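J.: Here it is, the structure in full.
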Amino acid sequence: MSDEEIVLDILIRSSFHSEIMNLGIKVEQIARLTDWVPQKLVPYAAWTPNLNSSFLKYVTEQYETIINHDIEYYVIHGGLETGILAEKISGLQVVALGPDLENPHTPQERVKIASVETEFEIVKKILEDIEKVPN
């Protein structure tokens with residue numbers, strides 16, 4: 001890279017592989033319109049959660065046992081390691097969980113420490129009887 005050159009790396013993430021590819025094409029088209037030289041799109045693994053998964057049901061039950069109330073779960077943009085694992089191991093049931101964050105992916109990112117402790121207890125509870133999860 002020279003002093004006159006700018007290199008821009010873009011990591012495109014989504015829950016759907018088709019959205020990753022479509023946005024990659026749009027970025028490439030914009031690059032060409034502005035005389036930039038696009039290299040190649042290396043898609044990050046997409047992950048579309050299976051909301052009917054027996055593992056998700058099991059994790060939900062364990063979660064609710066620890067926190068003593070119903071939980072809400074929702075799908076976020078993806079780009080998680082769950083997508084990489086699910087892509088490599090056919091039929092693998094995966095869920096993503098984690099502590100409460102404020103301002104993620106910014107210099108102001110903060111984690112709520114109490115939620116880390118709760119997540120640790122939940123992971124221990126999940127692992128206690130994991131062999132009981134139906135396939």
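J.: Being of a type in the set (A, V, I, L, M) and either assigned to a helix (DSSP H, G or I) or free of Cβ contacts under 8 Å to residues at least 12 places away in the same chain (or both) is the filter here, so list the residues in the stretch 106-115 that pass it.
T.: If the condition is that a residue be of a type in the set (A, V, I, L, M) and either assigned to a helix (DSSP H, G or I) or free of Cβ contacts under 8 Å to residues at least 12 places away in the same chain (or both), then Ile113, Ala114 are the ones that fit.
J.: Restricting the stretch 116-129 to residues that are without any contact (Cβ under 8 Å) to a residue 40 or more places away in the chain and either of a type in the set (A, V, I, L, M) or under 25 Å from Ser15 (Cα atoms) (or both), which is surrounded by the most Cβ atoms within 10 Å (Cβ to Cβ)?
T.: Top of the filtered list is Glu119.
J.: Follow-up. Mind counting the residues in the stretch 40-65 that are within 18 Å of the chain's Cα centre (by Cα) and of a type in the set (Ser, Thr, Tyr)?
T.: Qualifying residue count, the stretch 40-65: 4.
J.: Restricting the first residue to the stretch 1-29 and requiring it to be in contact (Cβ under 8 Å) with a residue 12 or more places away in the chain, which pairs with a second residue that is among the charged types (D, E, K, R) and surrounded by 10 or more Cβ atoms within 10 Å (Cβ to Cβ) meet a Cβ separation below 9 Å and a spacing of at least six or different chains?
T.: Pairs that qualify, where the first residue is in contact (Cβ under 8 Å) with a residue 12 or more places away in the chain and the partner is among the charged types (D, E, K, R) and surrounded by 10 or more Cβ atoms within 10 Å (Cβ to Cβ), are Ile12/Glu19; Ile20/Arg13.
J.: Of all residues in the stretch 101-130, which are of a type in the set (D, E, K, R) and touching a strand residue (DSSP E or B) at 6+ places or on another chain (Cβ under 7 Å)?
T.: Passing the criteria: Glu102, Glu109, Arg110.
Values in this text are rule-based calculations from the coordinates and carry no lab data. Source: prediction; values computed, not measured. Heads up, the Cβs are rebuilt from the backbone with ideal geometry, glycines too, and the neighbour counts pull from every protein chain shown.
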